[in-house]
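Chemist: Below you'll find the structure I mean.
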Amino acid sequence: MQIKINKLIFTGLHGATEKEKHTSQRFEINITITPWGDDVKGILLEETVDYRQSKKIAQKVIEGEFCELIETLAEKIASEIILDKKIREVVVAVKKLDIWDNGAPEVVVKRGNFYFTNLLDFNIDSVIHELIKEGGVSFPIIPEERRLVLLKEAENYEYARQPEFVGKHKVREQLSSFSKFPEESLYRRLQEDFTSLLNYKLQAALVKPFLNSPITFNEPVLQKYDAGSIGITPHVDHAANINLICVFLMKGYGSFYLCDDREKTNPRFLEAAPGHVMILRAPGFFGSNYRPFHYLENILEDRLTFGLRFNTKI
């Protein structure tokens with residue numbers, strides 16, 4: 001079942017040209033809502049999606065704060081509508097009616113509700129922008145309750161100390177790791193949930209990054225840094241790891257930086273509080289072989305991360 005709200009027309013002050021910045025114009029909004037489940041027999045009114053609220057949201061956004069781009073208008077409307085947990089997916093189309101004599105530009109945004117994965121929502125277009133600009137991005141993804149449950153499982157594992165110097169460039173690191181997750185592991189469930197969420201978001205992105213293959217991961221690993229560890233010196237991930245590298249911070253703090261080379265030139269701090277995921281570019285993202293240099297230092301307390309990679313050599 002879908003709920004469609006067609007040809008809503010509101011007037012607002014939005015646009016990038018000088019004329020649009022000073023002259024109100026009409027916007028047409030079309031909204032398609034997909035609720036959870038298709039059976040509507042015997043459902044109480046308060047248990048159904050109130051499409052009147054979606055109309056009010058669209059009107060408020062169009063008649064509200066100035067935006068240069070209709071992409072932003074569509075994103076604002078969709079992001080607010082999807083807050084209704086009874087909605088599984090919403091598609092919002094925003095069209096300018098008055099800008100041209102012939103034709104009307106339109107932007108379509110699709111947003112999904114992922115509370116069933118018990119992961120936090122995020123803006124994929126902002127993520128892609130930061131990956132293009134900086135090579136890495138960080139944002140909150142794991143709810144606190146789920147993070148604490150995952151930490152309990154991690155305490156039951158035995159971590160193997162890794163060599164302190166690795167690779168031909170003698171990258172130095174001080175950490176222990178664990179990767180033999182049982183089938184029932186909550187970390188495997190986190191991997192599945194995040195992979196599904198990430199792929200859905202990428203399909204809905206305004207700019208779709210060219211990738212070597214659909215996003216999937218085959219190399220999950222927990223990495224433990226003891227308090228006082230040097231972390232890891234500047235390096236790039238192995239070229240066999242493709243598309244995106246994702247690292248979830250489960251506990252602890254440290255200073256994670258992107259940089260330009262092994263000498264830490266042009267360091268850019270990447271915020272990573274517990275519950276955040278850090279995503280780094282890898283070969284295949286937009287068809288590029290770019291791998292950002294990065295390093296970790298200032299480990300003042302025990303730090304635990306969960307990493308996901310797709311290793312083409314496995």
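The values are calculated or read from the model by the stated rules, or taken from the named source; none is laboratory data. Computed from a predicted model, the values in this text were never measured in an experiment. Note that each Cβ is placed from the backbone with ideal geometry, even for glycine, and that neighbours are counted across all protein chains shown.
Chemist: Mind listing just one residue for me: the one in the range 108-122 that is within 18 Å of P209 (Cα to Cα) and touching a residue at least 40 places away in the same chain (Cβ under 8 Å) and, of those, surrounded by the fewest Cβ atoms within 10 Å (Cβ to Cβ)?
Modeler: The first filter runs over the range 108-122 and keeps only residues within 18 Å of P209 (Cα to Cα), leaving 108-111, 122.
Adding the requirement that they be touching a residue at least 40 places away in the same chain (Cβ under 8 Å) leaves 109-111, 122.
Details: V109: 23, K110: 19, R111: 25, F122: 17.
The selected residue is F122.
Chemist: Same structure, new question: Within the range 190-232, track down each residue that is among the hydroxyl-bearing types (S, T, Y) and under 22 Å from N289 (Cβ atoms).
Modeler: Scanning the range 190-232 gives S213, T216.
Chemist: Only one of these is under 26 Å from P209 (Cβ atoms), surrounded by fewer than 19 Cβ atoms within 10 Å (Cβ to Cβ) and touching a residue at least 24 places away in the same chain (Cβ under 8 Å): D125, D98. Name it.
Modeler: It is D125.
Chemist: Taking the conditions exactly as written (at pLDDT below 95, outside any helix (DSSP H, G or I), under 28 Å from T233 (Cα atoms) and of a type in the set (D, E, K, R)), does K180 satisfy them or not?
Modeler: No: the conditions fail for K180.
Chemist: Taking the conditions exactly as written (surrounded by fewer than 21 Cβ atoms within 10 Å (Cβ to Cβ), assigned to a loop (DSSP other than H, G, I, E, B) and in contact with a helix residue (DSSP H, G or I) (Cβ under 7 Å, 6 or more places away or on another chain)), does L211 satisfy them or not?
Modeler: Numbers: surrounded by fewer than 21 Cβ atoms within 10 Å (Cβ to Cβ): yes; assigned to a loop (DSSP other than H, G, I, E, B): yes; in contact with a helix residue (DSSP H, G or I) (Cβ under 7 Å, 6 or more places away or on another chain): yes.
It is true that L211 is surrounded by fewer than 21 Cβ atoms within 10 Å (Cβ to Cβ), assigned to a loop (DSSP other than H, G, I, E, B) and in contact with a helix residue (DSSP H, G or I) (Cβ under 7 Å, 6 or more places away or on another chain).
Chemist: Quick one: count up the residues across the range 13-30 that are under 20 Å from R52 (Cβ atoms) and of a type outside the set (A, V, I, L, M).
Modeler: 3
Chemist: Looking at the range 260-314, what strands (runs of 3 or more DSSP E) fall wholly within it and have at least 3 residues that are modelled with pLDDT of 95 or more and farther than 20 Å from P220 by Cα? Outline the logic, then answer.
Modeler: Values: elements: 276-281, 293-297, 303-309.
It comes to none.
Chemist: Under 6 Å between Cβ atoms, which residue pairs at least 6 apart in sequence (or on different chains) link something in the range 235-254 that is in a strand (DSSP E or B) with a partner that is charged (D, E, K, R)?
Modeler: Listed pairs, sorted by first residue: N241/R309; I245/D237; I245/R309.
Chemist: Continuing with this model, one more query. Does S138 count as at pLDDT below 95 and surrounded by 16 or more Cβ atoms within 10 Å (Cβ to Cβ)?
Modeler: In short, no.
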